[in-house]
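Step one of this worksheet: look at the structure below.
The values are calculated or read from the model by the stated rules, or taken from the named source; none is laboratory data. Just so you know, these numbers come straight off a predicted model, no measurement behind them. Reconstructed Cβ throughout: ideal geometry from the backbone, glycine too, with neighbour counts over all protein chains shown.
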Amino acid sequence: MSYAEFLSKKALVSVPTGIADVPALNPMLFDYQHAITGWALRRGRAAIFADCGLGKTPMQLEWAQHVAARTNGAVLMLAPLAVAEQTEREARKFGVEARYCRHDDGYNGVIVTNYEMLEHFDPRRFSGVVLDESSILKAYDGATRTAITEAFGQIPFRLACTATPAPNDFMELGNHAEFLGVMSRAEMLATFFVHDGGETQNWRLKGHARSDFWKWLASWAVMLRHPADLGFNGAGYELPALHTTQHTVHTVATDGALFAMEAQTLQERIAARRASVEERADQCAALVNANAEPWVVWCHLNSEADALLARIPDAVEVRGADDHETKRRTLLDFAEGRIRVLVTKPSIAGFGMNWQHCAHMAFVGVSDSWEQYYQAVRRCWRFGQERPVHVHVIAADTEGAVVSNLKRKDAQADELARELVAHMADLNKAAIGGTVRQMDTYVEDVAQGDKWTLYRGDCVDAMRQLAADSVHFSVHSPPFASLYTYSASDRDMGNCRSHDEFFEHYRFAIAEMFRLTKPGRLASVHCMNLPTSKVRDGVIGLRDFRGEIIRAYEAAGWVYHSEVVIWKDPVTAMQRTKAIGLLYKQLKKDSAMSRQGIPDYLVTFRKPGENPEPVTKEPEDFPVTLWQRYASPVWMDINPSDTLQYRSAREHEDERHICPLQLDVIRRAVRLWSNRGDVVLSPFAGIGSEGVVSLEEGRRFVGMELKGSYFGQAARNLANAHESHATDLFTEAAA
């Protein structure tokens, strides 16, 4: 495969797959539902973020019906437990033919099933798929979410429907974009967010990209909390009053304290909750038993449920250990009024159910998840509810101001929704087309100075402009697969959908470096093994990134020459990453998950052949004491802060070189494996670290950098670099 063919294959182009000539839609749909459904059909792959009670079910049924008719195929609708049968009943109400199935019986139409039943269906036979309450995917592990995304990755029609996303949960939006084939989560992060180092899950929206982000999101997703958000008449869509009351249960101080101390950490709050189960259950039972109306009682601990069942005579519980059929039957019995009091957890029944017949609920303890609380409340407090809804939050005095914290998070969610709605005025227009993928404009440029040349552009293309056997030594730190993504360009090797795709791309650069390097000369690669996470990989562990690099270089003809381990302080790594394996408290919890810190490596490869220009060292220039330090298989004395970013101002507050290579690592490699006047290459020049050191050490430098802001900073750094005569090798050796 040529490089151009690979880039074409790598490109994620969101081609509209919808129905251009949407037929007449069901007249039972309200005007805003009609507009959204028509837009989603034209789009082909879309998300509907509509608040509870706005009619997501009829919209997705109408969408599925037209997709099945147009493609003459089957459409699979996945819904939470017990919601699937509600959907089947709703279909009959709207005149849509939909069949609830627990196994694939070959029906060629709209099929409704539970997420738990997905394994009984072959995704390849469906022309469309609907994820009802798609936010529920967050309740599954990363491997399951990935499996769902990959299973339906080739289906042309995809619809994801859920209520308003959790406040500031950009990962949820990224997961939806990836499922719909609009843009991978890594691309979304690269395009609109910045990672300032530290914890790898912490990204923030770039200040200059806020407007573009919301406009991009509004091009494939509709978000509304009220029909008026899209310019429609909202008459009749007013929520009833919501009365939220916190009941504080007073606890007895322990450990000789005069007063019960308020919990500060998550562990302390959980401990406070466990210590007050009986008191909170008493308070809740007094409320529920005082009237004969339906109640939903939410809990988080099995001990809470046991205490409630012992105190409320007609309460029925749905527990996680129940089989699917028992859960389904009990939830439907409550929805249809055969059960008065339902006791369950938000994680079990907090999504999708419509309980407008109930206007009373109690939380016997609240988790830190605003979304779980919000979704649980909206089972009853939704459009169509005719009575005021009363929510009682029962907490111990040691748990703090629970309600005020929930209200603060609710205000955050309102802010997010308002900001998005402000960019969605045109979503109800028939002219809405397909999504255009956000792409960096590819720019080529060259900057030159005394003894250095820097190319802006794709390193593979740039290296092809250089003569074979023209480089004496190369040193670089490649993108660590997709751990850090630098740009949205398909040419960015950090912008990959998988490790396999990264190495497929990286091999083109490895081959070019092999062609450019003189026989017998070396190339050094700075790398580390990569931590895996449950969210991204489905399991916590390590990936042998160093070994994969070695195998890729050997496959290209290089000889595995040597490597050195670069020690990193595990305490600093723990403070920066909060990795579970490095936490001291993990030893007490389960030390089977504890591990050592992850060092860096400098792995060096040699091009076969006789070296035409031997690299020679005079004893007076390279004393034996210095050689002994360089020859050590572990470098314990590398200063992690000795990087170029601390010497250069950032070009933009949102732009920062994420993981610059330590200057002393470059310096030792350049001194050891090259002569003065040699050409040193870096295909990933970044802000110019390898080039600055090479010039200081009397070498020439040629580098490549794709990202414009880095290229500009690297050019300035190289222009300001000068050959240094201040470093005394004897002084270094004595140190």
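General remarks:
- Selected residue (criterion: modelled with the lowest pLDDT) from residues of the range 150-163 that are touching an Asp or Glu at 6+ places or on another chain (Cβ under 6 Å) and not small (Gly, Ala, Ser): Thr162
- Hey, Glu618 acidic (Asp, Glu) and modelled with pLDDT of 90 or more or not: no
- Ala79 among the hydrophobic types (A, V, I, L, M, F, W, C) and either under 26 Å from the mean Cα position of the chain (by Cα) or under 25 Å from Leu217 (Cα atoms) (or both): yes
- Candidates Gly557, Gly547, Gly520, filtered to the one that is modelled with pLDDT of 95 or more and part of a loop (DSSP other than H, G, I, E, B): Gly557
- For the range 556-585, the tally of residues that are among the acidic types (Asp, Glu) and surrounded by fewer than 14 Cβ atoms within 10 Å (Cβ to Cβ) stands at 1.
- Verdict on Met593 being surrounded by fewer than 19 Cβ atoms within 10 Å (Cβ to Cβ), in contact (Cβ under 8 Å) with a residue 12 or more places away in the chain and touching a Lys or Arg at 6+ places or on another chain (Cβ under 9 Å): no
- Within the range 563-585, the set of residues being over 18 Å from Ile638 (Cα atoms), in contact with a Pro (Cβ under 9 Å, 6 or more places away or on another chain) and not in a helix (DSSP H, G or I) comprises Ala579 only.
- Taken as a whole, the structure places Leu29 among residues that are aliphatic (A, V, I, L, M), at pLDDT 90 or above and either within 24 Å of Glu504 (Cα to Cα) or over 27 Å from the mean Cα position of the chain (by Cα) (or both).
- Restricting the range 475-498 to residues that are out of contact with any strand residue (DSSP E or B) (no Cβ under 7 Å at 6 or more places or on another chain) and modelled with pLDDT of 75 or more leaves a set whose member that is surrounded by the most Cβ atoms within 10 Å (Cβ to Cβ) is Met493.
- Test: residue in the range 6-18 that is more than 28 Å from the chain's Cα centre (by Cα) and buried (at least 17 other Cβ atoms within 10 Å of the Cβ): no
- Residue in the range 602-625 that is nearest to Glu548 (Cα to Cα), counting only those that are assigned to a loop (DSSP other than H, G, I, E, B) and basic (Lys, Arg): Lys607
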